[in-house]
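To keep things clear, I will list the structure first and then write my remarks on it.
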Amino acid sequence: MTHSTIPNPAPALTQDQLKTLVGQAALQYVVQGDIVGVGTGSTVNKFIDALATIKDRINGAVSSSVASTERLQALGIPVFDTNDVPRLSVYIDGADEIDGNGYMVKGGGAALTREKIVAAQSDRFVCIADESKLVKTLGAFPLPVEVIPMATRRVMAQFAAIGGSAKIRLKDGQPLVTDNGQYLLDVTGLHISNPLAFEAEVSQWPGVVTVGVFAFQPAQVCLLGTASGVKTLTF
Ligand code: 5RP
């Protein structure tokens, strides 16, 4: 991993301002005339706002969630179906954790399945995050796992067998239903020392739609908002 830092002209920025800064910094990776892959979350919302300022110089976006689609369209950015855009030059998204290899935990915003799909069809994954997301080992943030509802109990038991404690994510007291009509588990107690092996194994458990470890679709670049400015990590 290498890094460089753009000095921050205004010290003591809030977390929200840091998100704005990295969202704007991500514009430099957008290829003019292309369709841009867009992730989900509060940091990506800042990127979408920045993208709107150059919307006349792009052809549109492919989105990873209903929420991002609605925000893009409200700002006048056309959104294409993934099936109509075989390849994207860049995918910009946030993360809940990112390590020194560009491996990530994602899905805090419940969009992990579509995020993995759009990342898979992109040449470059640019992660935008504040520095609290940079970790040595993945697993402190509860790991999101999208599951088919009928498999919920058994997948929870499988996590218990490897030392994890899985809870069904709730919304208004009921299981949260994802954009894909499935449930989400949040798993604590994991220490993911081999993200590639972990992702490969859990992805094969029957009923698991998507595990929130992104090791096979890592970030190539991370724009990290820090007290001293935007730090660029390359992997
Ligand atoms: C959504 C995600 C987000 O990228 C992740 O949760 C980070 O979100 P935020 O920028 O709000 O901290 O994976 O599913």
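The values are calculated or read from the model by the stated rules, or taken from the named source; none is laboratory data. Values in this document were obtained by computation on a predicted structure and should not be read as measured data. As a convention, Cβ positions derive from the backbone with ideal geometry for all residues, glycine included, and neighbour counts pool all protein chains shown. To get the accessible areas, we keep the full protein, side chains included, count just its heavy atoms, and leave off ligands, DNA and RNA. Shrake-Rupley method; radii C 1.70, N 1.55, O 1.52, S 1.80 Å.
So the values come out like this:
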read-out: Test: residue in the range 50-64 that is within 15 Å of the ligand (Cβ to nearest atom) and of a type in the set (Val, Ile, Thr); value: no
read-out: Subset of the range 80-95 (residues that are within 16 Å of the ligand (Cβ to nearest atom) and not β-branched (Val, Ile, Thr)); value: TYR91, ASP93, GLY94, ALA95
read-out: Enumeration of residues in the range 97-118 that are among the hydrophobic types (A, V, I, L, M, F, W, C), over 23 Å from LYS231 (Cβ atoms) and either not assigned by TED's automatic domain parsing to the domain that holds ARG87 or not in a loop (DSSP other than H, G, I, E, B) (or both); value: LEU112, ILE117, VAL118
read-out: Selected residue (criterion: farthest from the chain's Cα centre (by Cα)) from residues of the range 78-109 that are aliphatic (A, V, I, L, M) and over 21 Å from ASP49 (Cα atoms); value: VAL85
read-out: Per-region count, the range 14-48, residues surrounded by fewer than 18 Cβ atoms within 10 Å (Cβ to Cβ) and farther than 19 Å from ALA61 by Cα; value: 4
read-out: Of the criteria (1) buried (at least 24 other Cβ atoms within 10 Å of the Cβ); (2) not in a loop (DSSP other than H, G, I, E, B), which one ALA67 fails; value: (1)
read-out: Top-ranked residue in the range 125-176 [being under 20 Å from VAL44 (Cβ atoms) and assigned to a helix (DSSP H, G or I); ranked as farthest from the ligand (Cβ to nearest atom)]; value: GLU131
read-out: Answer from ARG71, ARG57 - the residue that is among the charged types (D, E, K, R) and under 17 Å from the mean Cα position of the chain (by Cα); value: ARG71
read-out: Among residues of the range 128-153, those that are more than 26 Å from TRP205 (Cβ to Cβ), surrounded by 20 or more Cβ atoms within 10 Å (Cβ to Cβ) and not charged (D, E, K, R), counted; value: 2
read-out: The one condition in (1) under 18 Å from GLY23 (Cβ atoms); (2) assigned by TED's automatic domain parsing to the domain that holds THR188; (3) basic (Lys, Arg) that ARG71 fails to fulfil; value: (2)
read-out: Residues of the range 101-110 satisfying the condition of being near the ligand (Cβ under 6 Å from one of its atoms) and open to solvent by 10 Å² or more (accessible area, probe 1.4 Å); value: GLY108, GLY109, ALA110
